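Worksheet: the structure to be examined is printed underneath.
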Amino acid sequence: MMRLCLFLLLLSYSVLSQNVSKEELGYLINKSIPLSLNHPTEQWHKLDKSLNNKKMVLLGECNHGSREIFLLKNNFIQHLNKTLDYDVILFESGLAEMIDYYEDDNIPVKQLSHVWETEAFEALLKYAKDQNMEVAGFDVFVTGDSFQKRLDKILDNLHPNIEKEYNLVLDSLKNRNVPLEHIADKANHIINIYKTYSSALLPKSKIEKLTKRGIENRIATLHYMLQYKKDTNFPKQLAARDSLMAANINWLMTEIYPNKKAIVYTHNIHASKYNKYEEMMGEWLKPKWGKDLYSIGTFVASGRYADYDGTIKTISEPEKNDSLIDIKTIIHQLPMEATFIEIPDKACKNTGWLFEEVIMNDTFIDLKKTNTMTLSQHYDGLIFIKQVSIPKFLKND
């Protein structure tokens with residue numbers, strides 16, 4: 001009787017854990033690319049055939065604060081640059097702020113999103129600078145403090161506090177306790193000042209064009225935030241931001257970096273080419289780029305990471321479910337510390353889990369707090385990492 005109870009307990013745990021089958025695991029190991037943080041960039045060579053003729057790689061991450069994700073992505077970017085001539089990196093950071101990259105000998109880590117102010121990003125930007133790579137931001141969010149100085153320099157101090165006023169108005173528009181009528185006039189006043197700035201610029205150089213685009217981003221952001229204040233439709237606001245980010249990428253690759261190949265460094269949700277409930281950046285990019293676009297999602301199974309607000313979080317245990325597999329369970333089954341798997345165009349033997357819903361916790365998917373996705377709908381390839389840790393942040397000056 002004791003043996004029977006133990007057998008039933010183990011059987012129950014096995015069902016709840018939902019491992020992939022031995023055959024599926026064997027196929028996955030055979031078809032995947034083993035990755036290591038310490039290996040040279042040549043470990044990515046098996047992907048060359050798939051990526052050589054692409055024009056844009058959307059390189060996602062499940063969170064913005066994991067050391068191992070940063071190091072693997074740095075390694076991958078160096079390979080894409082050295083071997084396949086990808087010479088543009090576009091970061092999910094302020095387009096206006098990242099213009100600082102083009103100042104002499106400047107490594108503008110402090111103009112990135114604050115969670116990326118790390119040694120790994122400093123090394124990546126230094127590599128990009130040494131290799132004469134092009135770098136820009138594509139976000140409409142403010143991620144640094146450099147744009148005011150640029151506006152003052154170009155426009156002769158027409159309005160020396162405009163960026164400070166912009167940020168204060170933006171905070172008020174986000175604050176539910178501030179009524180629209182208390183802030184609308186001020187927001188429209190700032191929009192008119194920015195329009196005056198924009199019309200005064202007749203850009204010729206790369207920096208002047210980026211500056212004008214940065215001003216236009218400020219105007220567009222205030223418009224969609226005013227609309228959000230009216231209708232309080234957060235999905236609509238999220239879609240507005242992602243559509244503007246996609247528009248920035250399209251503009252950058254058309255007006256600033258034509259005929260170049262780009263790596264887009266972003267979160268998984270923005271890199272995804274499909275979302276069941278939201279209108280996200282990858283979906284906005286897909287009509288223009290089509291088969292020239294390659295999307296990669298990065299997922300982890302355990303460890304700790306720094307969240308966007310700076311708090312330290314621990315990756316949860318795989319969820320026990322009697323019908324769905326947790327992505328972490330699959331990653332734990334693999335013998336490698338990290339791996340890359342390319343998703344086939346069609347389901348074939350032993351790839352069913354890529355074409356079925358899997359559990360996906362510890363990452364943002366949509367505003368409905370969905371925790372499942374069908375990976376083949378979202379991405380062309382996947383990076384799996386067994387364990388992550390907190391990155392080494394740069395010390396404040």
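The values are calculated or read from the model by the stated rules, or taken from the named source; none is laboratory data. Fair warning: this is a prediction, and the values are worked out from it, not measured in the lab. Because the Cβ atoms are built from the backbone with ideal geometry, glycine has one as well, and the counts that use them run over all protein chains shown.
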Checklist entry - Can you name the residue in the stretch 115-150 that is assigned to a helix (DSSP H, G or I) and in contact with a His (Cβ under 8 Å, 6 or more places away or on another chain) and, of all such residues, is surrounded by the fewest Cβ atoms within 10 Å (Cβ to Cβ)? => result VAL115
Checklist entry - Within the stretch 195-211, is even one residue hydrophobic (A, V, I, L, M, F, W, C) and either within 23 Å of the chain's Cα centre (by Cα) or part of a strand (DSSP E or B) (or both)? => result yes
Checklist entry - Would a scan of the stretch 237-256 turn up a residue that is surrounded by fewer than 19 Cβ atoms within 10 Å (Cβ to Cβ), of a type in the set (Lys, Arg) and touching a residue at least 12 places away in the same chain (Cβ under 8 Å)? => result no
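Tell me which residues, restricted to the stretch 367-376, are in contact (Cβ under 8 Å) with a residue 12 or more places away in the chain, surrounded by fewer than 20 Cβ atoms within 10 Å (Cβ to Cβ) and not hydroxyl-bearing (Ser, Thr, Tyr).
Residues satisfying the conditions are LEU367, LYS368, ASN371.
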Next on the checklist: From the list TYR294, TYR277, TYR308, exactly one residue is surrounded by 15 or more Cβ atoms within 10 Å (Cβ to Cβ) and either at pLDDT below 95 or not hydrophobic (A, V, I, L, M, F, W, C) (or both). Which is it?
Outcome noted: TYR294
Checklist entry - If you take the residues of the stretch 377-397 that are of a type in the set (A, V, I, L, M) and farther than 18 Å from THR314 by Cβ, which of them is surrounded by the fewest Cβ atoms within 10 Å (Cβ to Cβ)? => result LEU394
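Is there a residue being assigned to a strand (DSSP E or B), in contact with a His (Cβ under 9 Å, 6 or more places away or on another chain) and of a type outside the set (A, V, I, L, M) anywhere in the stretch 93-107?
no
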Checklist entry - Within the set of pairs 6+ apart or on separate chains, which have a first residue in the stretch 26-38 that is within 12 Å of PHE76 (Cα to Cα), a second that is of a type in the set (Ser, Thr, Tyr) and assigned to a strand (DSSP E or B), and C-beta atoms under 8 Å apart? => result LEU35/THR339
